[in-house]
1. Quick one: A:Y404 ticks every box in (1) over 30 Å from A:I100 (Cβ atoms); (2) within 14 Å of chain B (Cβ to nearest Cβ) bar one, so which box is it?
2. Name the single residue that is surrounded by the fewest Cβ atoms within 10 Å (Cβ to Cβ) among those in the range B:425-446 being over 26 Å from the mean Cα position of the chain (by Cα) and of a type in the set (K, R).
3. For the range B:51-76, which residues satisfy the criterion of being among the basic types (K, R), closer than 12 Å to B:H219 by Cα and out of contact with any Leu (no Cβ under 7 Å at 6 or more places or on another chain)?
4. Residue pairs, Cβ under 8 Å, 6 or more apart or interchain, first in the range A:470-481 and surrounded by 13 or more Cβ atoms within 10 Å (Cβ to Cβ), second in a helix (DSSP H, G or I) and of a type outside the set (A, V, I, L, M, F, W, C). List them.
5. Surrounded by 24 or more Cβ atoms within 10 Å (Cβ to Cβ) and either touching a strand residue (DSSP E or B) at 6+ places or on another chain (Cβ under 7 Å) or closer than 29 Å to B:G389 by Cβ (or both), is that true of B:V297?
6. Which of the following residues is within 10 Å of another protein chain (Cβ to nearest Cβ), part of a helix (DSSP H, G or I), crowded, with 23+ Cβ neighbours inside 10 Å and among the aromatic types (F, W, Y): A:F235, A:F227?
7. Wholly within the range B:299-357, which helices (runs of 4 or more DSSP H) include no fewer than the required count, namely at least 1 residues that are of a type in the set (F, W, Y) and farther than 27 Å from B:S241 by Cα?
8. Quick check, is A:W281 at the interface with another protein chain (Cβ under 9 Å from one of its Cβ atoms), touching a residue at least 24 places away in the same chain (Cβ under 8 Å), of a type outside the set (D, E, K, R) and under 19 Å from A:F333 (Cα atoms)?
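The values are calculated or read from the model by the stated rules, or taken from the named source; none is laboratory data. Computed from a prediction, not measured in an experiment: that's the story for all the values here. Glycine also receives a Cβ, built like all others from the backbone with ideal geometry; neighbour counts cover every protein chain displayed.
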Amino acid sequence: MVQDLLSRLGMQLPKEFALILPQVQLGIFALGILLTDFLLDRKSRWWNAVLALAGVGFSGKALWNLRNLEDVSAYHSSIVVDPFAVFFGFLFLISAALVILLSVRYLEIEDEHHGEFYALLLLATIGMMFLATGSDLITLFLGLETMALSFYVLTGFLRHRKASNEGALKYVLLGAFSSGILAYGFSLMYGIGGSTNLARIAQAYAERSPGDPLVLISLVTVSAGVFFKIAAVPFHMWAPDVYEGAPTSITASISVASKAASFALLLRIFCTAFWPIRPNWEMVVAGVAVASMTIGNFGAITQSNLKRLLAYSSIGHVGYMLLGLVAGTPDGFKGIAFYLLVYVFMNTGAFAIVILLRREGVIGEDIEDLNGLISRRPVAAILLLIFMLSLAGIPPTAGFIGKYFIFLSLIETGHYVLAVFAALYIAPALYYYFRVVVHAWMREPGGAARPTISVAQGVALAACTLFILVAGLLPDRFINFAGTTLQSQFLQMILR
Amino acid sequence: MNEAGYFLEHIGWIPLFPLASAALMLLLGRRLPKAAVSVACVGSVFVSFVYAAGAVLQLGARPAEERVFQKILFEWIPAIPYHGAAPGLSQFSADWGMLLDPLSSVMILVVTGVGFLIHVYSIGYMGHEGGYYRFFGYMNLFMFSMLTLVLGNNLLLLFVGWEGVGLCSYLLIGFFFLKKSASDAGKKAFVVNRVGDAGFLLGIFLASTVLGTIRFTDHGLEGAAKFSGMIDVLRSGAFHSGEAVLTAMAILFFIGATGKSAQIPLYTWLPDAMEGPTPVSALIHAATMVTAGVYMVTRMNALYQLAPEAMLTVAVIGGLTAFYAATMGLVQNDIKRVLAYSTISQLGYMFLALGVGAFTAGIFHLMTHAFFKALLFLGSGSVIHALSGEQDMRRMGGLWSKIPTTAWTFMAATLAIAGIPPLAGFFSKDEILWRTFAGGESGIYKVLYLVGLVTAGMTAFYMFRLVNLTFFGKSRVEHEVEHHIHESPSSMTVPLMILAFLSVVGGWIGLPHLSLFERWLEPVVAPVQAAAGAAEAGWSMVEAGMMLISVLVALGGIWLAYNIYLEREGLADQLAARWKGLYELVFHKYYMDEVYDSLFVNRTKDLATALGDFDRGVVDGLGVDGSATATRLTSRLSMWWDRWIVDGLVNLSGAIVRFASYPVRMVQTGLVQSYALVILFGVLLLLVVYLGWPAVSYVRTLLHSA
C-alpha cells in the first residue's frame, strides 16, 4: 500500500524497502492511531482497535509477500529476511491481533481506553520484528529496546492502580539494569569480532581458543541480558510482579510475544556468534533450563493470584524451550518454534479467561474469582479446561506436541537425565493447573455474577481454542510451518 | 601549488595554540600566578594571529583562482556509503580538515586580531576580579571553537565549533555565576540557541541526504581524499533554481543563523547576555560569535543563490530585525544594553545584505562592525571601569575631559557606526543600502531600502544619545563615585586606540569601485548561474545621490540627539510623557520576553512540574509501598503457616510440593533492589561456572604434573 502510494507520488524507494515494509506498515498505523485518537470521543475509541487490527492486517499482507524469500540481507547486512524471521513475524502479528481483540472491553472497564495503548502495542511489535530480522548487534539491540520501552509504558498503563505503576517501575529499573549488562556483552562481542555483524563475529569466535576469558565474559553478559528478557532463572524475579501489575492483555503480550521475540534474539546469537563455543554453554543453558523449570513450577503452586500463577508457569515453560537449544538438533529447533507457536494461543487463551473475570468493581484476578464458573458461564469453564490441559501438555492438545518435540530431541542427543527431569516436572504443573480447573468446575459459585463475553473476546477465544485443538489433532501442517525456520541459512550452517 | 608554504602547511596549529593554553588554564590555572596566566593566554592568541596572518599572506600571494587551500588533518568520521536522495551512492564522511579561502581568511584575521586586542584589554579589565584564570581559560576555549568554526572544511566540523562557541558563550555570560541574573542569562542564551541549533542540525541532515556530502568544496584537495563538495554539487547545475528542497535546506540553515546571530524571532537572549563581563560582550556578543550566522550563510551562498524565496526571507527578517532592534535601542538606559540592541540591529543589516545577494557587502560590514562595535563595548567597559561599575547612563555625564582617551576613541567608533564618511561604517552600510535599493525589480526591495535608511537615522540618534548622556552635559555621577574617576590603564587604552584606528581606516579597502575587498572575496561568492546583466556597471548619479541621502539621514539623527539631550534639557522626559503608550511599549521591549515566557517558558515549566509530581507520587510512593507489600507478604506467610499447623495433615504429597515453593516466595520480597541483587548474583554465578572450571582443571593439571 505504502509503496503504491509513494510510487504514485513519484517517489522511488530502494528495493530493500520492501523487506521492512511489514514494520513500516505497523509504524504508519501506530502514528495514525495517535492522530485519530484526538478525533474520537470516549464512546468511539474502539475505532482505534479497528485501525490497529487493520495495521496488523496490512503488515501481515506485506509479510506474506516475503514468505518465499530465502535469506535476503539488506541495509548493509543489518537485517536479514529469512524463513526464521518470517515465521517469528507471523507469531508477533498473531499475538498482537489477539491482544488487540482482548483489550477493547478490558480498557473500557478500566476506564483507560486511549489510542496510545494500541499505538504502543504496534510499536512494540515493530521492535519484535526487528529482533527477528536483525543480523547485526545494533539492529538487535535497537529492536530489543523499542520493544522493551513500549512495554514499560504499557505495563504502567493503568495509571490509577498502584500495582500497575509499581510493576512498570520495577520493569524499567530491572530492564535497564539487564540492558546495561547486555550492552556490555555486545560491546565485548564487537571488540572480539571487530564488527557488529553476527556472521563476522562468529568467524572471530571460531578463531579464538575456547577458554579465552574475554569470550567467556561476553558469553556470560550476553546470556544474562537475554535470559532476563525471557525470564529464565535466576533472572526471572521481575516477571511475577510485572505480570501482576500490567493490564491483563499486556501481560498476555509480555508473556507470549515479548518472550518469543527474545527467543528469536537468543537463537540468532547462540546459533551464530556463540555456536563455535557451544561446549562452553551447553551445560550452563541446561542448568538454567532446569532451574527455570524448578522455580517456575514450584513457585506457581502456592500462588492465589491467577496472573502470578501464570507468570510462574511461564518461567517453567521457558525452561522447556531452552532444553530444545541444549539438544541443538533439527527436532530441537523445530520444537522451540512449534512450542512458541502453540504458546501464543494457549497462554493468550488462559489470560483471556482472566480478562473475562474483570468486570465493573471486580478485579477478578484471584483464583477464588473462578469459583463455580461452570455454572455461571459453561463455555468459559470448558475453554479454561482446554487451555490448562494444553499448558500442562496433555494430549490431544497442541501443548503436548510442543513438549513431545523437545523430549524427542533430548533423547536423540542422549540427554536422558534432562529428559527425565523435564517429564517429572509435568507432575507439579498438573497440580497447579488443575487447581485452577478445580476452582472453576467444583467450587460453589457464591454470589458472583455471570461473566459476559464481547464479540471481540469471543473471536479471540475461538481462535485460540480452534488452534489448540486442530494443531493437537492434525499437527502436520503446523509442524511443517515451524519447520520452515530450519531453512534459514544460519540454522542450515550449524545443522549441516 | 605543491609548495604550500610554512604557514599554510601549519594551518592546523592556528586553533591549537588557544586550545593548549585553555587546557592549561582549566586544568592547572588555579595554581598559576596571574602574570603567567596573562602571558600564556594572551600570548597564545597572539601566536595564533601571527600564524593566521602568515597563512593569509601566503594565500594572497597566489593567483586569484588558486586561492583555496585545504588540509585534512585526520579522518574524523570515516566514509559510510549510503543511498541518499542524490543520484548514485552517497558517502557520509567528515574530516577534521581546515579550509582557508578568501572568506575564512577575513574571518580568522578578524577573530584572532580583534580577539587578541580584547585579550590584552581583559588583562586590565579583569585584573581585580576573582577567577582570573577561569576567565582566560574560557576565553581561549572560545578562540579555539571560533577558529574551528571558521576554518572547518565541512558542515559537521563547523557545527562542532558552532556548539563550542555556544558553550563558551554560556560559560562566560554566567561568569559571575553567584549573581542569579547572570546565571539565568547564561541559561537563556543556551536554551534559545538550542532552538536555532535544531534547525541547523536538520539542515545538515537534509544537506547530507540531498547533496550526498557535507564537505564544502573539493577545491584544493587532491588524490584519494577528493570527492565533490556541496558547493561543487550546487554549482554543477544538477539543481534548478528555486527547488523546494533547496529552499527548505536554506531556511533550516537560516533558522540556525537566527539563533546564533540573534535575529527575529530568536534575538531575546542577546540583551540579557550583557550580564557577562564587558570583554566577553565585545568579543563574543559583538565582534565574533554572533556573526557566525552571517559567515555560515555566506559560506553556503551557492545554496542561497539557488533558493530565491529563502533569500527574500533572509532579507526581510534581516531588515525587520535591524529596524525593530534599533527602536528598542532608542530608549534603553543601560549603556551596554543600548549597544546590545545596536548589535542586533547591525546584524540585521548584514542579513539584509546577504538576503539581497550582496554577500561581499555583508562580510564587509561584518568586518567593520567587528572593529567599531568591539571598540564601543570596550569603551563602555572603560567607562564602567572608571565609574566603579556604574552602567546606568542617567548617572553619567560630563566625562569627556576626565577620561579623554576613552572618550575620543569612543567618539571615533560612534561616528563610524553612525555612517559618517570616511569612517569604516559609512562604506559598508552605504554599500548594503545601495545594493538593497538595486536588489531587484520588486517593490519590496525599495521598502527594505527605506527601512534600512530609517534604521540608519535611528542608529545615529541612539548612538549620539548615548555619547551625549555619557560624555557631555552636566555630571550626574554620584558623589562617592565622582572622585574615583580615572582613566583606564594602558593595557586597556592601547587596544582602544588600535581599534579606533581600524574603525577609521578599515573601510577604505572597500572604497566603491576600487573594490579591493570585493575582488578578494569574488571567488567565494561568484554567481552560481551566469548573472543576467550585472547589477551596476558604473558610477551613477543615483548611487551618489543615495550616498548623500544616507549621510544626511545620519546627520539628522545626530542633530536630533543633540537637540533633545544636550540643547534642551527635559525635552526627552516631555516627549516620553507625551507618547507614553508608545514609550512604555518600546521601553519594555514590546513585552516580547513576557510573551515568550507565557507561551513557551511557563508551559515547559508546567510540564516539568507535572513530571515532578509524578516522581513524587510514584517513585517516593514505591518505597513506602514496597515495605508495606513486604509486611503484608510476611503476615500472609505467617497466616499460611498457622493454617498449615492447625490443619496439620491435609494432604502429604500436596504439603511437600507446597513446601518446596516456600523458598521461592521468600526471595520474592517485592523489593526491586533485591531483584537486581539476584540478577547480579546470577551473573556472578555464571562467571564462576565459566571461569572457575577451567581454573580448577588448570590447577589439577598442575598438581598432576607435580
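1. Of (1) over 30 Å from A:I100 (Cβ atoms); (2) within 14 Å of chain B (Cβ to nearest Cβ), only one is false for A:Y404: (2).
2. Only one residue tops the list, namely B:K446.
3. Scanning the range B:51-76 gives a single hit, B:K71.
4. These pairs meet every condition: A:G472/A:S390; A:G472/A:G399; A:I479/A:K334.
5. For B:V297, the condition - surrounded by 24 or more Cβ atoms within 10 Å (Cβ to Cβ) and either touching a strand residue (DSSP E or B) at 6+ places or on another chain (Cβ under 7 Å) or closer than 29 Å to B:G389 by Cβ (or both) - is not met.
6. On inspection, the qualifying residue turns out to be A:F227.
7. The qualifying helices (runs of 4 or more DSSP H) are B:308-329, B:335-355.
8. Judged against the criteria, A:W281 is a match.
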